[in-house]
Amino acid sequence: MTILIEQQPDLAGFPVGEKNIPRDTINELVLDGGFVMPKTTSDGFEAPEINSFGHSFRDYNAESERQKTVEEFYRVNHINQTYDFVKRMREGYAKLDKAEMSIWECCELLNDVVDDSDPDLDEPQIEHLLQTAEAIRKDYPNEDWLHLTGLIHDLGKVLLHPTFGELPQWAVVGDTFPLGCAFDESIVHHKYFKDNPDHSNPSYSTKNGIYEEGCGLENVVMSWGHDDYMYLVAKENGTTLPPAALFTIRYHSFYPLHRAGAYTHLMNEEDHESLKWLKVFNKYDLYSKSKVRIDVEKVKPYYLSLIEKYFPAKLRW
């Protein structure tokens, strides 16, 4: 891996201050790229009832030290994620001038990363990536692009790494949401938006805000983090993954949309088609967060073959 720049963007002046969901009726759908959703089998991935802490998944109210850390994360996140901040981050990181490395090298960097926003997981991120990918692979053995999407969907969290800029957690992880329009009440810990400067901006306080209904999520500014960053990395490095994979990478943390149905008025027809795949993916992303360990060396050759198929040997980051 070649690190070209280790300089963190200038953040000075910014304040620092469920139960199992049923599978969608997807057997009759033909989705993006013509992929047919296979029927599930009795030995497919079974979603557990509880996470690795013994609580229901995405329970943001359970009493624990972990929950206190998560709530404090969202307090700071909701205060600092503004429209202007996101535009600056996206402009700076779109240059992809921070590093040159392979997909697998990036996976290995995540061994040092733990996501403070996640109430379900405190394992290193590489464990979650492989858990997600292997769970998908079990149920959808023929959709190798979806396996690889599972492996790489969180690679943008390298923004937390000391050799990669070490952005604060609130600028990298957590549920994502649109900027430039009203903050929907379905966003976790919504109460903290009252201290966000955009909350009192009349241009951003209506349902549509600065957008037109049906404009497409491509034209919506999302809160800055690992989702949008990894989408930029994949797209600008010429990946041959299908559009549904890029949509999944970019919006997999957009829980207000794919869990609560918020912001659908901003979607276009293509978004609705890709959302079907994202809802499939989300089950594995969320419910694979368990203590089941993956033999990395055993599965590594398979994922290296997928990386070679869909990505160049070295990527700009």
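Among the numbered criteria (1) at pLDDT below 95; (2) open to solvent by 20 Å² or more (accessible area, probe 1.4 Å); (3) more than 18 Å from the chain's Cα centre (by Cα), which one does Arg88 miss?
In the conditions (1) at pLDDT below 95; (2) open to solvent by 20 Å² or more (accessible area, probe 1.4 Å); (3) more than 18 Å from the chain's Cα centre (by Cα), Arg88 misses (1) alone.
Exactly one of these conditions fails for Leu241: (1) over 26 Å from Glu71 (Cβ atoms); (2) surrounded by fewer than 20 Cβ atoms within 10 Å (Cβ to Cβ). Give me its number.
For Leu241, the exception is condition (2).
Residues being buried (at least 21 other Cβ atoms within 10 Å of the Cβ) and at pLDDT 90 or above: count how many of those fall in region 146-168.
Within region 146-168, residues that are buried (at least 21 other Cβ atoms within 10 Å of the Cβ) and at pLDDT 90 or above number 15.
Which of the following residues is in contact with a Gly (Cβ under 7 Å, 6 or more places away or on another chain) and either at pLDDT below 95 or under 30 Å from Lys314 (Cβ atoms) (or both): Ser64, Ser102, Ser117?
Within the list Ser64, Ser102, Ser117, the selection yields Ser117.
Which numbered condition in (1) modelled with pLDDT of 95 or more; (2) small (Gly, Ala, Ser); (3) open to solvent by less than 10 Å² (accessible area, probe 1.4 Å) is the only one that Ser305 fails?
Failed condition: (3).
Can you name the number of the only condition in (1) within 25 Å of Ile210 (Cβ to Cβ); (2) crowded, with 20+ Cβ neighbours inside 10 Å; (3) among the hydroxyl-bearing types (Ser, Thr, Tyr) that Thr248 fails?
For Thr248, the exception is condition (1).
When you go through (1) aromatic (Phe, Trp, Tyr); (2) touching a Gly at 6+ places or on another chain (Cβ under 7 Å); (3) open to solvent by less than 20 Å² (accessible area, probe 1.4 Å); (4) farther than 30 Å from Cys107 by Cα one by one for Phe193, which number turns out not to apply?
Going through the list (1) aromatic (Phe, Trp, Tyr); (2) touching a Gly at 6+ places or on another chain (Cβ under 7 Å); (3) open to solvent by less than 20 Å² (accessible area, probe 1.4 Å); (4) farther than 30 Å from Cys107 by Cα, Phe193 breaks only (2).
The values are calculated or read from the model by the stated rules, or taken from the named source; none is laboratory data. Small disclaimer: the values here were computed from a predicted structure and weren't measured. Using ideal geometry, Cβ is built from the backbone for each residue, glycine included, and neighbour counts are taken over all protein chains shown. To get the accessible areas, we keep the full protein, side chains included, count just its heavy atoms, and leave off ligands, DNA and RNA. Shrake-Rupley method; radii C 1.70, N 1.55, O 1.52, S 1.80 Å.
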